[in-house]
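Heads up, the thing below is written out as structure tokens.
The values are calculated or read from the model by the stated rules, or taken from the named source; none is laboratory data. Source: prediction; values computed, not measured. Heads up, the Cβs are rebuilt from the backbone with ideal geometry, glycines too, and the neighbour counts pull from every protein chain shown. These area figures cover heavy atoms from the full protein model, side chains too; ligands, DNA and RNA do not enter into them. Shrake-Rupley method; radii C 1.70, N 1.55, O 1.52, S 1.80 Å.
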Amino acid sequence: MTASTPGHHHPSNPILSLKDAALGFGERVLWNDLTLDVCAGEFLAVLGPNGSGKTSLLKTILGQQSLDSGTIRFDGHPVRRGDRRIGYIPQQKLIPGGTPMRGRDLVALGVNGHRFGLPVSRGAERRQVDNLLESVGASHYADEPVGNLSGGEQQRLRVGQALAGDPRMLLCDEPLLSLDLQHQRGVSELIDRRRREHGTPVVFVTHDVNPVLGMVDRILYLAGGQFREGTPDEVLRSDVLTELYGTPVEVLRTGGRVVVVGIPDSETHHHGHGEAGA
Amino acid sequence: MRAATLLAIGDDDLWSRMFNFENYGELLGLVQNSILAGAVLGIVGGLIGVFVMQRDMAFAVHGISELSFAGAAAALLFGMNVVAGSLAGALVAAIVIGILGSRARDRNSIIGVLMPFGLGLGILFLALYPGRSANKFGLLTGQIISVDDPQLGWLSAISLVVLVSLLLIWRPLSFDSLDADVAAARGVPTRFVSLAFMVLLGLIVAVSVQIIGALLVLALVVTPAAAALRLSASPILVPVLAMVFGFVSAVGGILLAIGGSLPISPYITTISFFIYLVARLVGLRARPRPGLR
Ligand SMILES: Nc1ncnc2c1ncn2[C@@H]1O[C@H](COP(=O)(O)OP(=O)(O)OP(=O)(O)O)[C@@H](O)[C@H]1O
Ligand SMILES: [Mg+2]
């Protein structure tokens, strides 16, 4: 299931590399001794219950949160805040109605939103925005006020925004949250296409692995201050997750879906469909 | 009978106190610098209001203006420059709110604590001040007519500086206002941008305090933008409308007020309120309920 793309990056050179990384808040350890390499073209899914430190992991990669110990390198150098080579899709917040912005303005922020100076777009920038809108299938609602768009439509725009500036890596924090199945597929395929066509590695935080099961190379499963890492077949197993959670957990595979049953109550996710989707 | 006559006289008197266009041309010449200051403030207040709305900072504006009032009152009492005092108070408040209140909830509690403290201090200084009472209340309810020319020049210059700075940080500020986390990830120096915004807000609030008074600053810094947002979601039309509404309120208010003997602020606040009302009505008819698709 590894990407078969040529990619313009050497696959054995990790783009992201964590060594013995540890992070905690107060008494609480989120993860410890985390060593992890992400190479070009790889799709890493990060799973785990609420509060297990998934978003914090992304914040560390973004240089917005420093490690308690260990190192984290991006492209061979320590991570830094505001590195434009990393595309970021945040844990979804709906944009409120009445925000004075159209769809295309949201994407344009990815292109030139960091630039000071009179807010006049150059022709080249406008064309780039048009191309991005086209590539995420958002052209037909590009001129609607963003606040009037549905969650799925907004999410496509955020993908377009994150792809602006040709990122070397994509970080996605639950980009499928609250989307219906069709939009889940649409958005995850957009992200996966970028990976396949450009070899851009993806770190994809999600509560439910099923919508991306066909794309995932490796899984990082966080829970209770510990983690397991490996291919889906290595991690999504009853014995592995039972050990990780410290209580009996069963992983069922039915019809191409993975269902995890028996996750302790306090740790099941809040938006489930009655099951804990891995 | 007597009562009716009295009432009629009262009415007539009331009317001429509110609106009086005798010798209007002459008066106009005298206050042209006030009109200029009001025009610039109206435009810049409308513009910065767009960000005040997006960043949910209406309450912060009110808090900053009360501390600006305290600074001005202190300056009055100690015989210093009132505009300088007003600026100092506003900037201190804006920076404290900017540094301590990056999250909305923290921010509101900090403002809630600062505001009565500032207002109380201001009242204390005014009570101790032995001078004319017109000056005293001017700080709370507006005093542009009594501001002298060099100071009016300063007020206009400060507004212009805010205008230009706002245009220069427009894009990063929009990004930060929409989604600070992503903006930071994409290379916006978010701390600098937020702090710069607070400083600009402090400056424009201090200018507004001089012109329409600490209690009424929101009429120029929030109402025009709020009205514009009822009418459009376009990133160009909203700021343009907000500036037009701010301009019309400020200049219209001053033009109506100069003949009468009342402060200008009620004219400005009334105009800006009516613009908002009309915008709401028009917006209701023009805009289908959000949530298409
Ligand atoms: N800056 C911080 N200071 C203190 N505690 C923090 C901070 N940031 C995160 N935490 C705590 O760390 C834990 C992990 O948070 P994080 O947001 O990474 O969880 P998550 O796995 O993304 O959860 P969710 O699935 O709900 O998004 C939480 O208990 C949170 O309260
Ligand atoms: Mg999270």
Chains A and B: how much accessible area gets covered up at their contact, both sides added, probe 1.4 Å, in Å² to the nearest hundred?
3200 Å²
Let's test this: bin the Cα-Cα distances of the protein assembly as shown at 20 Å from zero up to the farthest pair and state each bin's percent.
19, 42, 27, 10, 2, 0
Given the -39500 (n - 2.57) contribution per DSSP H run of 4+ residues, what per-residue ellipticity at 222 nm results for chain B, rounded to the nearest 500 deg cm²/dmol?
-26500 deg cm²/dmol
Counting only Cα atoms, I'd like the Rg/Rh figure for chain A, Kirkwood definition for Rh.
0.97
Mean Cβ neighbour count within 10 Å, used as a protection proxy, ranking A:211-219, A:60-68, B:57-65, B:90-98 highest first
B:57-65, B:90-98, A:211-219, A:60-68
At a cut-off of 50 Å², which residues of region B:184-207 become less accessible once all protein chains are present than in their chain alone, using a 1.4 Å probe?
B:Ala185, B:Arg186
Taking the Cα centre of each part, how many Å lie between region B:181-237 and region B:78-111?
14 Å
Suppose all protein chains stay in the model; what accessible area per residue would a 1.4 Å probe give for region A:23-277, in Å²?
41 Å²
Among A:Pro175, A:Tyr221, A:Gly262 - extreme Cα towards positive end, dipole of region A:122-270, charges at beta-carbon:
A:Pro175
Taking every DSSP bridge whose two residues both lie in chain A, the antiparallel percent to the nearest 5 is 60 percent
Treat region B:23-284 as a sphere of radius equal to its Kirkwood radius over Cα pairs and apply Stokes-Einstein at 10 °C in a medium of 1.306 mPa s; give the translational diffusion coefficient in µm²/s, rounded to a whole number.
87 µm²/s
Test item: A:147-156 mean partner chain Cβ contacts at 10 Å
2
Given backbone amide H placed at 1.01 Å from N, residues whose amide H is under 5 Å from that of A:Thr99, ignoring those fewer than 5 places away on the same chain, are A:Gly147
Computed D for region A:185-251, Stokes-Einstein, Kirkwood radius over alpha-carbon pairs, 37 °C, 0.692 mPa s, to the nearest µm² per second, is 251 µm²/s
Of all accessible surface on chain B at a 1.4 Å probe, what whole percent is carbon and sulfur?
70 percent
Compactness summary of region B:71-128: radius of gyration and Dmax from Cα atoms, Å, are 12.6, 38
With every protein chain left in place, what is the accessible area of A:Arg228 in Å² (1.4 Å probe, nearest 10)?
50 Å²
In Å², rounded to a whole number, the accessible area per residue of chain B with probe 1.4 Å is 45 Å²
Run the numbers on region B:17-56: which residues show a drop of 40 Å² or more in accessible area, chain on its own versus all protein chains together, using a 1.4 Å probe over heavy atoms?
B:Gln54
Compute the relative contact order of region A:23-277 as a whole-number percentage, counting only Cα pairs closer than 8 Å that sit 6 or more residues apart in sequence.
26 percent
For region B:65-78, just list the computed ³J(HN,Hα) in residue order, Karplus coefficients 6.51, -1.76 and 1.60, θ = phi - 60°, integers in Hz, with x standing in for Gly and Pro.
5, 5, 6, 5, 4, 4, x, 5, 5, 4, 4, 4, 5, 8
Where only C-alpha atoms are counted, convex hull volume of region A:155-214 per residue in Å³
75 Å³
How large is the charge dipole for the protein assembly as shown, taken about the Cα centre, if only the Cβ atoms of Lys, Arg (+1) and Asp, Glu (-1) carry charge, to the nearest 20 debye?
820 debye
Please report the carbon-and-sulfur percent of the accessible area for region A:23-277; probe 1.4 Å, protein heavy atoms only, DNA, RNA and ligands left out.
48 percent
Name the residue from B:Gly283, B:Ala250, B:Phe273 whose Cα lies farthest towards the positive end of the charge dipole of region B:23-284, charges +1 on Cβ of Lys and Arg and -1 on Cβ of Asp and Glu.
B:Gly283
Normalised radius of gyration for region A:1-154, please: alpha carbon Rg relative to 2.2 N^0.38 Å, two decimal places.
1.25
Counting other chain Cβ atoms within 10 Å of each Cβ in B:234-247 and taking the mean gives 2
Length-normalised contact order for chain B - Cα pairs under 8 Å, 6+ apart - percent
31 percent
